[in-house]
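Down below is the structure, laid out as structure tokens.
The values are calculated or read from the model by the stated rules, or taken from the named source; none is laboratory data. In this text, all values refer to a predicted model and were calculated from it rather than measured experimentally. No Cβ is skipped: glycine too gets one built from the backbone with ideal geometry, and neighbour counts run over all protein chains shown.
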Amino acid sequence: MTPEIFERNLLQSPPRTQAWTARLVIENEEWLAVRQGVVQPIVAGENAGAMITVYDAGGMGYTATSDLSPAGLKRASEDALEWARRSAGRLCWDPAQLAPLEARGEFRSTAAKPWASLPLSGKLEMLQDHCARLKVGERIVDHEASLWHTDAETLILGSRGGRIHQHFQFLVPELRAVANREGETQTRTFSGGRVARQGGLEVLDELGFHVAAPRIGSEALELLDAPDCPAGRMDLLLAADQMILQIHESIGHPLELDRILGDERNYAGTSFVTLDMFGSYRYGSKLLNIVFDPGVPGQVASYGWDDDGTPARREYVIRDGLLLRPLGSAVSQARAGLQGVANARSSGWNRPPIDRMANLNLEPGNSRFEDMVAAVERGIYMESNNSWSIDDSRNKFQFGCERGVLIEDGRLTRTVKNPNYRGISATFWRSLAAVGDRSTLKVLGTPFCGKGEPNQIMRVGHATPAALFNGVEVFGGAA
Amino acid sequence: MKARFAEVTKELRALLRGDEAFLASFSGEEADFARFNRGRVRQAGTVRQLFLALDLVKGRRHVTAQLTLAGEREQDRARLAATVASLRERLSFVPEDPHMLYSTDPWVSESLGANRLPEAGAALEAIRGRGEGFDLVGIYAAGSMHSGFASSLGHDLWSSRYTFHFDWSLYHEKDKAVKTSYAGFTWDAAGFERKFAWAREQLAVLSKPPVTLSPGHYRAYIAPAALNDFLETLSWGGFSLKAHRTRQTPLLRMIEEGAKLHPGFTLAENTAGGVAPAFQAQGFPRPERVELIGRGAYRDCLISPRSAKEYGVPTNGAQASETPLSYDLAAGTMPQSEVLPRLERGLYINNFWYLNYSDRPRCRVTGMTRFATFWVENGAIQAPVSVMRFDETAYRLLGERLSALTREREFIFDANTYGGRSQVTALLPGLLVEDLTLTL
């Protein structure tokens with residue numbers, strides 16, 4: 001299937017109504033892994049289908065199908081129309097508020113070293129090598145290196161002539177070492193498993209993938225001998241690979257406008273943020289500057305248009321600590337009467353778009369890493385998330401990391417295991433005391449953000465420096 | 001759908017060359033989804049999806065393709081031919097797989113459910129009509145779910161189910177809500193009405209001013225839906241042979257130190273009592289029952305074919321993730337009617353939320369209370385409780401601090417729809433615990 005054939009098949013008998021959109025998604029993916037020196041079953045995926053959405057007489061309906069023949073698409077159009085008629089007069093929003101798709105354009109990820117530039121045998125050889133270098137001692141009881149590549153192409157067509165074609169390359173590299181001695185098991189990974197990017201194999205060079213394995217293995221072993229993280233209220237310095245989780249859970253999700261409007265209350269939850277807070281609420285200290293930025297080259301959720309066809313633009317969400325705008329797409333904006341962002345996104349051809357994070361980034365500050373450490377008399381530095389839990393209003397949270405290092409009298413001293421911390425979103429960001437400069441910035445992201453009914457898994461990006469927080473409740477493991 | 005899969009199998013057989021073999025797993029569904037907010041429709045539609053996982057095998061080498069099928073003969077025939085050619089080309093680049101294991105004893109099985117589902121428009125109207133005047137939010141999902149497995153050796157396995165699931169909440173205000181679900185094979189207006197009446201009753205209590213608790217230790221009743229969340233978290237490696245052998249299981253203390261749960265705690269993977277197919281993706285049968293924990297002691301792991309080969313033990317038909325599909329926790333002896341009197345003073349927790357490990361090797365889990373969690377005094381529900389965080393080990397919650405399990409059990413359909421509609425089920429009692437640690 002190609003976008004051109006899809007377009008031809010669809011237009012043989014387009015939906016019998018004045019307003020419709022059709023979204024084709026073709027994903028070709030490959031998952032390669034070497035575990036304990038053994039090449040794991042190689043999986044190649046080809047996932048193609050389309051969703052047709054119809055607006056008719058005040059109703060809205062969709063049908064998604066993997067039958068992309070003229071007859072299959074015609075049947076889908078008719079079924080979508082039937083749903084539009086069923087829902088007419090029963091919707092909680094007015095489809096007339098959604099501007100018809102008229103935009104036309106193209107977006108394409110850049111890949112300096114395309115996935116295909118290295119043959120399968122070369123990729124497996126590379127993973128064999130990295131996997132072997134993870135096993136730095138006998139107490140490494142499991143170790144694995146993997147690459148997951150996806151070539152994703154979307155075409156959105158609209159009844160008013162809109163046509164948006166986007167072509168993405170996604171890469172998710174992973175390294176994992178598990179160390180054990182008797183009743184203690186500790187795991188280190190490549191940035192907590194949250195490294196999703198756009199691009200080709202050059203991403204591996206940029207992220208330091210090729211040199212990371214021995215360090216990851218050694219740190220897993222080191223954690224076996226480390227004492228538990230101490231408990232108490234102290235300063236907390238978070239590495240970029242934990243900051244992305246902190247931003248994601250306690251800024252990103254509570255600012256999603258569909259949560260605030262109540263759509264997610266039965267599943268992902270609501271938000272402590274209310275509509276009246278935008279423009280006046282102090283979300284964090286003056287050092288907090290958060291941007292929605294779908295234009296960062298190589299970041300995983302960069303795109304030209306969202307799945308409703310709204311052009312994507314960089315927008316400040318929080319500036320100097322002040323809450324400015326929600327993460328809400330065109331439909332939510334119309335319902336709430338607020339300006340938002342272009343973030344109607346779907347996980348694939350078989351799910352309708354909803355409000356999602358895309359790239360949600362913390363702007364770098366001007367503190368060097370050494371200066372932030374030096375500013376702490378008693379505290380802890382935490383790296384790489386391994387546990388996350390937050391209430392359904394996105395307020396009371398508890399997060400855990402793979403590795404902690406004590407900070408004593410301005411110096412990093414001993415490694416500690418099982419570092420955890422807890423807090424409340426509404427006050428936590430006000431304790432932001434320093435934001436790292438560009439030297440601490442990392443462009444990261446996750447391919448696994450879950451939300452929506454029916455459920456959807458989404459790729460979201462976070463670029464962030466390290467950051468320092470004052471007076472946080474931290475603690476370690478043990479019963 | 002079954003006929004189409006039989007055609008696919010026939011076409012695959014014709015595409016093989018020499019000593020090649022294939023394993024083909026099929027999953028398909030036609031699902032209606034209607035999403036509600038404030039008693040009205042937010043989004044509604046139908047998803048028709050057909051997926052094939054095809055493993056091409058030659059000796060000890062194999063490669064897998066996962067592809068969507070159109071369900072239309074000509075499109076699928078071309079795609080199958082291209083896929084087999086591509087897999088054949090890749091076979092020469094992959095090494096032998098020492099852990100490959102698939103069923104070499106062909107067998108035939110067919111389980112066909114009856115379609116007694118309501119027409120989509122009628123279900124939509126029943127929900128919308130009943131939700132009028134209420135702040136109702138949730139999702140209705142209904143339709144067919146098909147699973148199949150076939151191989152060039154002669155396996156011919158098929159399962160079809162037709163189920164609906166209405167997973168919904170009634171809101172009082174802010175985060176104060178009652179969550180429930182109504183699921184099954186046939187829509188029964190009286191059954192739905194009973195569920196709705198129960199939710200309305202609890203909603204009335206939610207309108208009282210909430211109690212805010214301080215961190216500390218509290219007696220608690222954990223309802224089956226909340227317990228289900230906890231058991232799902234335990235299943236992140238807790239019952240997996242691979243996780244046990246690599247010491248990543250959260251139940252590490254049970255295998256290293258012989259730690260035990262409450263003697264009344266007997267948990268099984270009860271395939272016979274669930275709705276998931278009785279076969280798995282390498283063609284092995286899933287036994288009717290595998291006891292995971294018996295009278296508080298660790299019994300058996302779920303063993304996928306791959307783990308079986310790696311660790312030199314027989315498989316028990318587990319899927320690759322080695323997680324249960326049909327949880328069955330033995331009933332206790334406490335009548336449901338005695339829950340409140342025996343709790344006397346403490347928390348009545350209907351739902352947990354967002355559980356995760358705070359110390360995995362010691363099986364310490366943190367999470368939140370959510371939806372209708374109530375404060376109980378003098379054996380009666382008094383008021384809703386503002387959401388609280390707990391942080392507790394399984395050994396305390398399901399072991400030393402567990403005082404009783406209810407005699408009645410609830411059958412829970414998993415509402416998960418990631419990728420497709422879940423076929424995971426759970427048959428669970430409620431738990432009365434002496435001490436739950438709240439931290440925030």
Discussion item. One residue is enough: does segment B:224-241 have a residue meeting the conditions among the β-branched types (V, I, T) and either over 29 Å from B:T373 (Cβ atoms) or not in a strand (DSSP E or B) (or both)?
Written reply: yes
Practice prompt. Identify the residue in segment A:105-147 that is of a type in the set (K, R) and assigned to a helix (DSSP H, G or I) and, among all such residues, is farthest from the chain's Cα centre (by Cα).
Written response: A:R133
Practice prompt. Kindly indicate whether A:S329 is closer than 18 Å to A:R345 by Cβ, among the polar types (S, T, N, Q) and either surrounded by 24 or more Cβ atoms within 10 Å (Cβ to Cβ) or under 18 Å from the mean Cα position of the chain (by Cα) (or both).
Written response: yes
Worksheet entry | Matching option when the condition is free of Cβ contacts under 8 Å to residues at least 24 places away in the same chain, of a type in the set (F, W, Y) and not in a helix (DSSP H, G or I), among B:Y182, B:Y140, B:Y162, B:Y171 | B:Y182
Discussion item. Which numbered condition in (1) in contact with a strand residue (DSSP E or B) (Cβ under 9 Å, 6 or more places away or on another chain); (2) within 14 Å of another protein chain (Cβ to nearest Cβ) is the only one that A:E125 fails?
Written reply: (1)
Practice prompt. Go over the candidates A:R351, A:R356, A:R325 one by one and state the one that is of a type in the set (D, E, K, R), out of contact with any helix residue (DSSP H, G or I) (no Cβ under 8 Å at 6 or more places or on another chain) and either closer than 19 Å to A:E249 by Cβ or not assigned by TED's automatic domain parsing to the domain that holds A:F469 (or both).
Written response: A:R356
Fill in: Qualifying residues in segment B:340-371 (those that are assigned to a strand (DSSP E or B) and over 22 Å from the mean Cα position of the chain (by Cα)) - the one farthest from the other protein chains (Cβ to nearest Cβ)
B:G346
Practice prompt. Considering only segment A:377-459, give the strands (runs of 3 or more DSSP E) lying wholly within it that have at least 3 residues that are β-branched (V, I, T).
Written response: A:411-416
Item to complete: Might you check whether a residue that is in a strand (DSSP E or B) and in contact with a strand residue (DSSP E or B) (Cβ under 8 Å, 6 or more places away or on another chain) occurs anywhere in segment B:69-90?
Response: no
Worksheet entry | Residue list for segment A:51-86, filter: more than 7 Å from every other protein chain (Cβ to nearest Cβ), within 20 Å of B:T68 (Cα to Cα) and among the charged types (D, E, K, R) | A:K74, A:R75
Practice prompt. Output the residues belonging to segment B:36-69 that are of a type in the set (D, E, K, R), surrounded by fewer than 24 Cβ atoms within 10 Å (Cβ to Cβ) and under 27 Å from B:F166 (Cα atoms).
Written response: B:R38, B:R40, B:R48
Worksheet item: So which pairs qualify, if the first residue must be in segment A:1-25 and outside any helix (DSSP H, G or I), the second must be charged (D, E, K, R), the Cβ gap must be under 7 Å, and the two must be at least 6 apart or on different chains?
Response: A:S13/A:K74; A:T17/A:D56; A:R23/A:D307
Worksheet item: Right, B:H172: in contact with a Gly (Cβ under 7 Å, 6 or more places away or on another chain) and outside the structural domain of B:Y348 (by TED's automatic domain parsing) or not?
Response: no
Worksheet, complete the sentence: Given the conditions (1) β-branched (V, I, T); (2) assigned to a helix (DSSP H, G or I); (3) buried (at least 23 other Cβ atoms within 10 Å of the Cβ), every one holds for B:T249 apart from (2)
Response to the item:
Subset of segment B:91-102, residues out of contact with any strand residue (DSSP E or B) (no Cβ under 6 Å at 6 or more places or on another chain), modelled with pLDDT of 95 or more and either more than 9 Å from chain A (Cβ to nearest Cβ) or within 30 Å of A:R75 (Cβ to Cβ) (or both), comes to B:L101
Worksheet item: When only residues in segment A:80-104 that are assigned to a helix (DSSP H, G or I), touching a residue at least 40 places away in the same chain (Cβ under 8 Å) and not small (G, A, S) count, which is surrounded by the fewest Cβ atoms within 10 Å (Cβ to Cβ)?
Response: A:Q97
Fill in: Check on A:G452, in contact with an Asp or Glu (Cβ under 6 Å, 6 or more places away or on another chain), buried (at least 18 other Cβ atoms within 10 Å of the Cβ) and either touching a residue at least 24 places away in the same chain (Cβ under 8 Å) or within 14 Å of chain B (Cβ to nearest Cβ) (or both)
no
Item to complete: Within segment B:405-421, identify whether any single residue is surrounded by fewer than 21 Cβ atoms within 10 Å (Cβ to Cβ) and hydroxyl-bearing (S, T, Y), and answer yes or no.
Response: yes
Worksheet entry | Matching residues in segment A:167-193 - criterion: being more than 17 Å from A:L124 (Cα to Cα), more than 14 Å from every other protein chain (Cβ to nearest Cβ) and surrounded by fewer than 24 Cβ atoms within 10 Å (Cβ to Cβ) | A:H167, A:F168, A:Q169, A:F170
Worksheet item: What tally of residues in segment B:47-82 results from selecting those that are at the interface with chain A (Cβ under 7 Å from one of its Cβ atoms) and free of Cβ contacts under 8 Å to residues at least 60 places away in the same chain?
Response: 13
Worksheet item: Among the numbered criteria (1) under 24 Å from B:A320 (Cα atoms); (2) facing another protein chain (nearest Cβ under 10 Å); (3) surrounded by fewer than 19 Cβ atoms within 10 Å (Cβ to Cβ), which single criterion is violated by B:S111?
Response: (2)
Worksheet item: Looking at segment A:18-50, which of the residues that are more than 30 Å from A:G122 (Cβ to Cβ) and more than 7 Å from every other protein chain (Cβ to nearest Cβ) is surrounded by the fewest Cβ atoms within 10 Å (Cβ to Cβ)?
Response: A:Q18
Worksheet item: Within segment A:257-289, how many residues are within 14 Å of chain B (Cβ to nearest Cβ) and not in a helix (DSSP H, G or I)?
Response: 14
Item to complete: Give the number of residues within segment A:48-84 that are farther than 23 Å from B:R40 by Cα and of a type in the set (F, W, Y).
Response: 0
Item to complete: Select, from A:G445, A:G379, A:G404, the only residue that is in the same structural domain as A:L322 (by TED's automatic domain parsing) and in contact with a helix residue (DSSP H, G or I) (Cβ under 8 Å, 6 or more places away or on another chain).
Response: A:G445
Worksheet item: If you take the residues in segment A:393-448 that are farther than 25 Å from A:D293 by Cβ and without any contact (Cβ under 8 Å) to a residue 24 or more places away in the chain, which one is farthest from the other protein chains (Cβ to nearest Cβ)?
Response: A:T413
